1. In region 3-27, how many are modelled with pLDDT under 95, in a loop (DSSP other than H, G, I, E, B) and in contact with a strand residue (DSSP E or B) (Cβ under 9 Å, 6 or more places away or on another chain)?
2. Select from region 16-27 the residues that are of a type outside the set (A, V, I, L, M, F, W, C) and farther than 17 Å from S57 by Cβ and write down the one among them that is surrounded by the most Cβ atoms within 10 Å (Cβ to Cβ).
3. List, please: which pairs have Cβ atoms under 8 Å, are six or more places apart or on different chains, and start with a residue in region 89-111 that is in contact (Cβ under 8 Å) with a residue 12 or more places away in the chain and end with one that is of a type outside the set (A, V, I, L, M, F, W, C) and loosely packed, with under 14 Cβ neighbours inside 10 Å?
4. For region 1-13, give me the residue count where each residue is under 17 Å from I105 (Cα atoms) and in contact with a helix residue (DSSP H, G or I) (Cβ under 6 Å, 6 or more places away or on another chain).
5. Name every residue in region 28-67 that is farther than 19 Å from I95 by Cα and not in a loop (DSSP other than H, G, I, E, B), in order of residue number.
6. From the residues in region 39-63 that are in contact with a helix residue (DSSP H, G or I) (Cβ under 8 Å, 6 or more places away or on another chain) and modelled with pLDDT under 95, which one is nearest to T101 (Cα to Cα)?
7. Scan region 35-48 and give yes if some residue there is surrounded by 17 or more Cβ atoms within 10 Å (Cβ to Cβ), out of contact with any Pro (no Cβ under 9 Å at 6 or more places or on another chain) and among the small types (G, A, S), otherwise no.
8. Please list, ordered by first then second residue, the pairs with beta carbon atoms under 6 Å, 6 or more apart or interchain, first in region 18-39 and touching a residue at least 60 places away in the same chain (Cβ under 8 Å), second surrounded by fewer than 19 Cβ atoms within 10 Å (Cβ to Cβ) and not acidic (D, E).
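The values are calculated or read from the model by the stated rules, or taken from the named source; none is laboratory data. Not measured: the values here are computed from a predicted model. For neighbour counting, all protein chains shown are included, and Cβ atoms are generated from backbone atoms with ideal geometry for every residue, glycine included.
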Amino acid sequence: MDAPTIKLESSDGMIFSTEVRAAKLSETIKTMLEVSAVENDENAIVPLPKVNAFILSKILTWIYHHKDDDAHGAEGVELSPQSPHDISAWDANFINVDQPTLFEIILAANYLEIKGLVDLCCKTVANMIRGKTPEEIRHTFNIPDEIPSRTAQLGEDL
C-alpha cells in the first residue's frame, strides 16, 4: 500500500506531491494538516507562500533523507559547545550551497519549523565564522564596516 501523500504549493505555483509522514517533519505543515483536516485528502493543496520551488525542493530532499530518523534525529542534535562540528557527511554535502541559497533555506526552515534543518543551518553559519576576526566575518557575509564612517562623523560633530 502506498503511503498517504499531500500536495504542497510553492510561492511560485509549483506543486510537489510528498508523503504526509515526511511533510510532518515540518511543524508548520503538521499544524496546517491538523487544523484544516486535509491530511487524508490527496487532492488538497497546502500553500506555502514563503517558500519558492527551488528551496522547497531542497527542503523536501532533506526531509526525505531524514524522515526515518528516530524522533531525536528528526529534530536534530541539540546545539552545545562540544558539538559544533557534528554534521553528518550527507548533511554537509546537502548544505554545501552558496550563501544566498543557505540563507533562503534558513528562512524557509524557520518558517516551516523544521528544527533539525534549522539546527544544521545554524551550525553551518557558526562554522563559517568560527575563528574569524570581525573584519573577516564582515568580508565573508558582505557586511559593510560602518564604524569608521560613524567615527569620522562623530569627529566632525565635535
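1. Count: 2.
2. Going through region 16-27, the residues of a type outside the set (A, V, I, L, M, F, W, C) turn out to be 17-19, 21, 24, 26-27.
This time we only want the ones that are farther than 17 Å from S57 by Cβ, so: 21, 24, 27.
Values: R21: 13, K24: 18, E27: 13.
Going through the qualifying residues, I end up with K24.
3. Partner pairs satisfying both residue conditions: F94/T61.
4. Of the residues in region 1-13, 2 are under 17 Å from I105 (Cα atoms) and in contact with a helix residue (DSSP H, G or I) (Cβ under 6 Å, 6 or more places away or on another chain).
5. T28, I29, K30, T31, M32, L33, E34, V35, S36, I45, V46, P47
6. So, considering only residues that are in contact with a helix residue (DSSP H, G or I) (Cβ under 8 Å, 6 or more places away or on another chain) and modelled with pLDDT under 95, the one nearest to T101 (Cα to Cα) is V46.
7. no
8. Close Cβ pairs satisfying both conditions: L25/A74.
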